[in-house]
Amino acid sequence: MGALLVLGVGRFIDRSGRKMMFIFAIGLYMMDWVVLVTTQNLIVVTIMWALPIWAFIVTSGTAMVSDLTSTEERGRGTGAINSALNMGQFIGALLSGVAAWYMAPVLHLGPFRGAYLLAAFLLIPPLLIATKLTETLVLKKKMMKGQKKMYRTG
């Protein structure tokens, strides 16, 4: 399901821009985790758990890196963002799990709910940073116009 969604997301961000999709994805993760904390409805939990939100953040993030790197450096840039995303998932899951385990008695939540609540709060700084990003699609279009001018003769 996520693989098919990536194609649609990619087309959408190629037309409308990367920044808003990136912000939307962060917000969607926050909403997902808050819903997982607040609901006990198994159907809602199953739907929220199955949503391929990763497709939005990976596609828009990779497109931003692609816009900001030269053709020669694109592989390195894509590798760096994929490494950062995967490292963030690993370290975030580990730290939020440990913190939630110790916070659960204080918050009167189970450890899983505490972990999701903590994860939702930890997304506030990235969300604020993402709102300050420059839209890279605009930069890419400007660079492409400049390249076309370079190749024109006479």
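The values are calculated or read from the model by the stated rules, or taken from the named source; none is laboratory data. Note that this is a predicted model, so its numbers are computed, not measured. Neighbour counts are summed over all protein chains in view; Cβ atoms, including those assigned to glycine, are modelled from backbone coordinates with ideal geometry.
Six or more apart or on different chains, Cβ atoms under 6 Å: show the pairs whose first residue is in the range 121-140 and assigned to a loop (DSSP other than H, G, I, E, B) and whose second is among the hydrophobic types (A, V, I, L, M, F, W, C) and surrounded by 12 or more Cβ atoms within 10 Å (Cβ to Cβ). Sorted first by the residue in the range 121-140, then by its partner, the pairs are Leu123/Ile26; Leu123/Met30. Taken over the range 96-137, the criterion of being at pLDDT 75 or above and of a type in the set (Val, Ile, Thr) is satisfied by Val98, Ile124, Ile129, Thr131, Thr134, Thr136.
Of everything listed in (1) buried (at least 16 other Cβ atoms within 10 Å of the Cβ); (2) in contact (Cβ under 8 Å) with a residue 40 or more places away in the chain, the single unmet condition for Gly27 is (1).
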